[in-house]
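Novice: Let me begin by handing over the structure; questions about it come next.
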Amino acid sequence: MMMSSIACDASDATPGADKTLLRRSLLATRKSISPACRQDWDAELGRRVIAWATLWTDTHPGGTLGVYWPIRGEPDLRPAYTELAACGMRLALPVVVGSDSPLRFVSWTPGEAMAKDGFGVAIPASDVTVAPQALLIPCVGFNRHKIRLGYGGGFYDRTLAPSSLPRPQAIGIAYACGLAEFDGAAHDVALDAIITETIVINA
């Protein structure tokens with residue numbers, strides 16, 4: 001059986017044609033962003049993430065930050081990751097364990113060897129499992145209640161579920177054009193904050 005991937009849509013995980021259509025619309029909008037705008041927005045997002053991470057490190061010395069490898073037009077924060085790692089921050093990338101399981105996070109340092117999962121998503125070649133105290137989570141869309149719309153597989157929802165203790169701090173990463181009006185589902189877990197290139201939604 002083929003393993004699930006964060007990169008794949010799974011509309012059956014978020015019931016309702018409205019969510020499916022909204023996801024498609026937001027993905028199309030994100031895909032249409034010009035290279036020049038994307039470069040500027042990614043740079044600003046990177047600055048904001050570094051500022052947030054610097055403050056977070058003050059209260060979590062030695063903590064590990066779970067990050068993501070950009071896919072499908074997600075904000076590319078890899079230059080920021082390199083800067084954070086150079087300052088001594090420990091980073092980790094997610095690995096899909098199974099279609100009904102929380103994500104597993106593997107220790108990662110920018111520049112080290114990478115492999116690819118069954119869907120071509122980059123994952124660390126090393127296999128050292130860690131438990132991040134905070135996560136940067138890419139969003140296809142989000143609302144003002146800090147509910148995230150993803151690809152529909154529910155990987156991050158399971159990772160943040162109350163049964164997955166201790167729960168890491170969850171910071172959504174998105175372009176501001178991903179802000180949308182939609183109702184959260186029963187399984188949705190609100191994020192702690194959302195950072196975009198123009199706005200930040202906190203508690």
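Novice: Nearest 5 percent is fine: what portion of the DSSP beta bridges confined to the chain is antiparallel?
Specialist: Around 50 percent of the beta bridges assigned by DSSP in the chain are antiparallel ones.
Novice: Right, another one. At 222 nm, what value in deg cm²/dmol follows for the chain if DSSP H runs of at least 4 each add -39500 (n - 2.57) and the sum is divided by all its residues, to the nearest 500?
Specialist: -8500 deg cm²/dmol
Novice: While we're looking at this one, here's another question. Need the list of aspartates and glutamates near Lys31 for cross-linking: C-alpha distance under 15 angstrom, and skip anything on the same chain fewer than eight residues off.
Specialist: Cross-link targets: Asp42, Glu74, Asp76.
Novice: Moving on. Compare Gly172, Gly63, Gly141 in a GNM of the chain, Cα atoms joined below 10 Å, and give the one with the largest fluctuation.
Specialist: Greatest mean-square fluctuation among the candidates belongs to Gly63.
Novice: Continuing with this model, one more query. Which longest uninterrupted range of the chain lacks any GluC sites (Glu not before Pro) assigned by DSSP to a loop state (not H, G, I, E or B) and surrounded by at most 11 other Cβ atoms within 10 Å?
Specialist: 1-111
Novice: Taking springs between alpha-carbon atoms closer than 10 angstrom, which of Leu55, Leu65, Leu191 fluctuates most in the Gaussian network model of the chain?
Specialist: Leu55
Novice: Work through the residues other than Tyr156 whose Cβ is under 11 Å from its Cβ and net out their charges, Lys, Arg +1 and Asp, Glu -1.
Specialist: Its environment carries a net charge of 0.
Novice: While we're on this one: Tell me which residues come under 5 Å, amide H to amide H, from Trp108 once H is placed; ignore anything under 5 positions away on its chain.
Specialist: Leu91, Ala92, Leu93
Novice: Okay, next question. Tell me, what is the 1.4 Å probe accessible area of Asp58, in Å² to the nearest 10?
Specialist: For Asp58, the solvent-accessible surface is approximately 110 Å².
Novice: What fraction, in whole percent, of alpha-carbon pairs in segment 156-196 exceed 12 Å separation?
Specialist: 65
Novice: Sequence neighbours fewer than 8 away in the same chain don't count; with that in mind, list the lysines whose C-alpha is under 19 Å from Lys146.
Specialist: Lys19
Novice: For the chain, just run the numbers: alpha carbon Rg, then divide by 2.2 N^0.38 Å, N being how many residues it has.
Specialist: Compactness ratio reported: 0.96.
Novice: Find, among the chymotrypsin sites (Phe, Trp or Tyr not before Pro) in segment 80-157, those assigned to loop by DSSP (not H, G, I, E, B) with at most 14 other beta-carbon atoms within 10 angstrom.
Specialist: Phe119
Novice: Would you look at the GNM of the chain, springs on alpha carbons closer than 10 Å, and say which of Ser32, Ser107, Ser99 moves the most?
Specialist: It is Ser32.
Novice: Pull out a ≥ b ≥ c, the square roots of the eigenvalues of the alpha-carbon gyration tensor of segment 54-127, then state rounded if a/c is under 1.5, prolate if not and a/b is larger than b/c, and oblate in the remaining case.
Specialist: Cα axes put segment 54-127 in the prolate bin.
Novice: A further question follows. By accessible area of protein heavy atoms, probe 1.4 Å, what ranking do Arg144, Arg23, Arg48, Arg72 get, highest first?
Specialist: Of Arg144, Arg23, Arg48, Arg72, the descending order of accessible area is Arg144, Arg72, Arg48, Arg23.
The values are calculated or read from the model by the stated rules, or taken from the named source; none is laboratory data. Worth saying up front: this structure is predicted, and the values here are computed from it rather than measured. Glycine also receives a Cβ, built like all others from the backbone with ideal geometry; neighbour counts cover every protein chain displayed. SASA here: full protein model, heavy atoms, side chains in, ligands and nucleic acids out. Shrake-Rupley method; radii C 1.70, N 1.55, O 1.52, S 1.80 Å.
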